[in-house]
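Asks: Structure incoming, see below.
The values are calculated or read from the model by the stated rules, or taken from the named source; none is laboratory data. Values in this document were obtained by computation on a predicted structure and should not be read as measured data. Neighbour counts are summed over all protein chains in view; Cβ atoms, including those assigned to glycine, are modelled from backbone coordinates with ideal geometry. With ligands, DNA and RNA removed, areas are computed over all heavy atoms of the protein, side chains included. Shrake-Rupley method; radii C 1.70, N 1.55, O 1.52, S 1.80 Å.
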Amino acid sequence: MGMTMTQKILAAHAGLEKVETGQLIEADLDLVLGNDITSPVAIKEMEKMNVEGVFDKDKIALVPDHFVPNKDIKSAEHCKCVREFAYRNEITNYFEVGEMGIEHALLPEKGLTVAGDVIIGADSHTCTYGALGAFSTGVGSTDMAAGMATGKAWFKVPGAIKFNIVGKPSEWVSGKDVILHIIGMIGVDGALYKSMEFVGEGIGNLTMDDRFTIANMAIEAGGKNGIFPVDDLAAAYMKEHSVKPYTVYEADEDAVYDEEYTIDLSTLRPTVAFPHLPENTKTIDEITEDIKIDQVVIGSCTNGRLDDLRIAAKVLAGRHVAKGIRCIIIPATQAIYMQAMEEGLLKTFIEAGAVVSTPTCGPCLGGYMGILAEGERCVSTTNRNFVGRMGHVKSEIYLASPAVAAASAVMGKISCPCRL
């Protein structure tokens with residue numbers, strides 16, 4: 001009985017020839033990640049351990065991004081705690097204002113995440129790096145503390161679900177629509193503590209930004225991680241961004257999967273997740289009533305990358321945000337911000353009546369830069385639409401792709417570029 005991609009990576013990092021679903025292992029870590037919300041807790045836990053320093057200053061990444069630039073005194077104190085810890089321990093990969101970015105877009109861009117790595121982060125969307133063929137997963141702050149101290153973490157080896165991706169998506173269908181379709185199909189607990197493994201010839205029709213989006217939202221289906229095979233596109237991305245050596249793992253032909261699904265990209269339509277769960281999906285064709293909105297957010301670790309901004313600009317070019325609609329656009333990193341500026345995307349956004357923010361998680365978690373009042377509705381390219389996620393408990397969030405979000409900003413209601 002063979003192993004899946006994830007199982008092979010975990011076996012190698014545990015020094016074992018073979019692992020099986022449900023087995024408890026201790027694995028070596030290639031990277032430990034924390035942000036301005038979760039790192040202070042981990043730092044305090046490390047202090048209780050009475051350990052001297054960190055296991056490897058080059059294998060820890062600290063990225064204040066949720067409330068940065070600081071929105072209030074409490075967030076400033078959190079960032080000060082992280083900053084002082086980083087300086088005290090000479091952490092190589094500490095990124096704040098000026099070098100900042102949303103962690104899950106920044107780390108691949110900086111070349112810190114590559115195929116075959118085992119990565120933990122005290123943030124649930126750490127699963128993003130599976131787009132490059134890494135095993136990456138979110139953990140609690142205590143596990144982050146243990147990882148920073150020892151360079152190791154305990155895992156229960158997950159089972160796996162295979163998603164066979166075929167076909168080619170039509171215009172305006174992106175990775176966000178793919179993952180929303182999957183979550184709508186299997187539910188928010190459909191992959192609970194399982195590895196979501198994406199295979200098939202259709203992957204070649206997905207950009208790297210599409211793949212980052214899909215892997216990012218594996219957790220929204222309950223997945224332990226999401227992972228893609230390493231093809232020429234992924235290899236080219238790593239060659240461009242990283243000097244780290246990487247290892248390609250492929251699933252055995254006789255690998256065991258708990259379930260298998262085929263996703264035909266050519267049949268997918270722009271998809272929206274209605275309040276208050278990512279599984280509550282409808283295609284744009286199934287939305288027959290006018291759902292008027294108050295705000296649009298385009299950004300986050302899910303959809304703040306360059307492809308996302310290019311798509312939004314394509315929709316907004318020569319058009320204007322509807323009167324009364326707040327449209328907030330947040331490039332995910334400084335480099336993405338710079339490239340968007342050089343391509344004229346920011347000019348397009350501003351001329352269309354949108355505002356452009358410095359990189360931050362901000363509104364995604366109801367932090368700042370776009371809080372919703374009672375009764376307000378927002379179309380957002382973020383990853384969660386739980387009750388109160390972006391502000392008032394009686395506000396509503398509709399998850400969508402950048403294309404749908406931009407079209408909705410123009411129309412003042414949930415819409416699609418095909419309807420403009």
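Asks: Can you confirm whether T302 is among the hydroxyl-bearing types (S, T, Y), part of a loop (DSSP other than H, G, I, E, B) and either touching a residue at least 60 places away in the same chain (Cβ under 8 Å) or closer than 26 Å to G138 by Cβ (or both)?
Replies: Considered against the rule, which asks whether it is among the hydroxyl-bearing types (S, T, Y), part of a loop (DSSP other than H, G, I, E, B) and either touching a residue at least 60 places away in the same chain (Cβ under 8 Å) or closer than 26 Å to G138 by Cβ (or both), T302 comes out as no.
Asks: Sticking with this one: Cβ-Cβ below 6 Å, separation at least six or inter-chain, first residue in segment 257-275 and free of Cβ contacts under 8 Å to residues at least 40 places away in the same chain, second of a type outside the set (D, E, K, R): which pairs?
Replies: So the pair list comes out empty.
Asks: Scanning for something buried (at least 17 other Cβ atoms within 10 Å of the Cβ), at pLDDT 95 or above and part of a loop (DSSP other than H, G, I, E, B), does segment 344-353 turn up at least one residue?
Replies: yes
Asks: Output the qualifying pairs, or none if there are none: Cβ atoms under 6 angstrom, residues six or more apart or on different chains, first residue in segment 102-127 and over 16 Å from M144 (Cβ atoms) and outside any helix (DSSP H, G or I), second residue modelled with pLDDT under 95 and open to solvent by 10 Å² or more (accessible area, probe 1.4 Å).
Replies: Sorted first by the residue in segment 102-127, then by its partner, the pairs are I102/C361; G111/S242; V114/S242; V114/K244.
Asks: Considering only residues that are in a loop (DSSP other than H, G, I, E, B) and open to solvent by 30 Å² or more (accessible area, probe 1.4 Å), look in segment 211-243 and name the one that is nearest to D258 (Cα to Cα).
Replies: Of all residues in segment 211-243, those in a loop (DSSP other than H, G, I, E, B) come to 222-224, 228-231, 242-243.
Within this subset, residues satisfying the condition of being open to solvent by 30 Å² or more (accessible area, probe 1.4 Å) are 224, 229-231, 243.
Details: K224: 14, P229: 19, V230: 22, D231: 24, V243: 36 Å.
Only one residue fits best here, namely K224.
Asks: Turning to a different aspect of this structure: Please specify each residue of segment 244-264 satisfying the condition of being of a type outside the set (S, T, N, Q), in a strand (DSSP E or B) and surrounded by fewer than 16 Cβ atoms within 10 Å (Cβ to Cβ).
Replies: E259, E260, Y261, D264
Asks: Could you check segment 226-247 and list, in sequence order, the residues that are farther than 17 Å from L112 by Cβ and touching a helix residue (DSSP H, G or I) at 6+ places or on another chain (Cβ under 8 Å)?
Replies: Listed by number, the residues that qualify are G226, I227, F228, P229, D231, L233.
Asks: Just for segment 194-210: of the residues that are without any contact (Cβ under 8 Å) to a residue 40 or more places away in the chain and part of a helix (DSSP H, G or I), which one is most open to solvent (accessible area, probe 1.4 Å)?
Replies: E201
Okay, residues lined up against (1) assigned to a loop (DSSP other than H, G, I, E, B); (2) within 30 Å of V32 (Cβ to Cβ):
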{"residue": "G147", "(1), (2)": "no, yes"}
{"residue": "K168", "(1), (2)": "yes, no"}
{"residue": "H181", "(1), (2)": "no, no"}
{"residue": "L192", "(1), (2)": "yes, yes"}
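Asks: Only one of (1) farther than 30 Å from E99 by Cα; (2) within 17 Å of the chain's Cα centre (by Cα) is not met by L306, so which one is it?
Replies: Checking L306 against (1) farther than 30 Å from E99 by Cα; (2) within 17 Å of the chain's Cα centre (by Cα), the one that fails is (1).
Asks: Follow-up. Could you count how many residues in segment 371-388 are in a loop (DSSP other than H, G, I, E, B), touching a strand residue (DSSP E or B) at 6+ places or on another chain (Cβ under 6 Å) and either of a type in the set (K, R) or open to solvent by 10 Å² or more (accessible area, probe 1.4 Å) (or both)?
Replies: Number satisfying all stated conditions: 1.
Asks: V51 versus (1) closer than 17 Å to G151 by Cα; (2) among the β-branched types (V, I, T); (3) in a loop (DSSP other than H, G, I, E, B); (4) modelled with pLDDT of 95 or more: which is the lone unmet condition?
Replies: (4)
Asks: Which one of the conditions (1) open to solvent by 20 Å² or more (accessible area, probe 1.4 Å); (2) of a type in the set (A, V, I, L, M, F, W, C); (3) touching a residue at least 24 places away in the same chain (Cβ under 8 Å); (4) closer than 30 Å to K59 by Cα does V356 fail to meet, given that it meets all the rest?
Replies: If we test V356 against (1) open to solvent by 20 Å² or more (accessible area, probe 1.4 Å); (2) of a type in the set (A, V, I, L, M, F, W, C); (3) touching a residue at least 24 places away in the same chain (Cβ under 8 Å); (4) closer than 30 Å to K59 by Cα, just (4) comes out false.
Asks: Run T288 past the list (1) open to solvent by 50 Å² or more (accessible area, probe 1.4 Å); (2) at pLDDT 95 or above and report the number of the one that doesn't hold.
Replies: Status for T288: all satisfied but (2).
Asks: Let me ask another. Only residues that are of a type in the set (A, V, I, L, M) and surrounded by fewer than 18 Cβ atoms within 10 Å (Cβ to Cβ): list them for segment 15-24, please.
Replies: L16, L24
Asks: Of all residues being out of contact with any Gly (no Cβ under 8 Å at 6 or more places or on another chain) and not charged (D, E, K, R) in segment 188-215, which is farthest from A332 (Cα to Cα)? Just the residue, please.
Replies: G200
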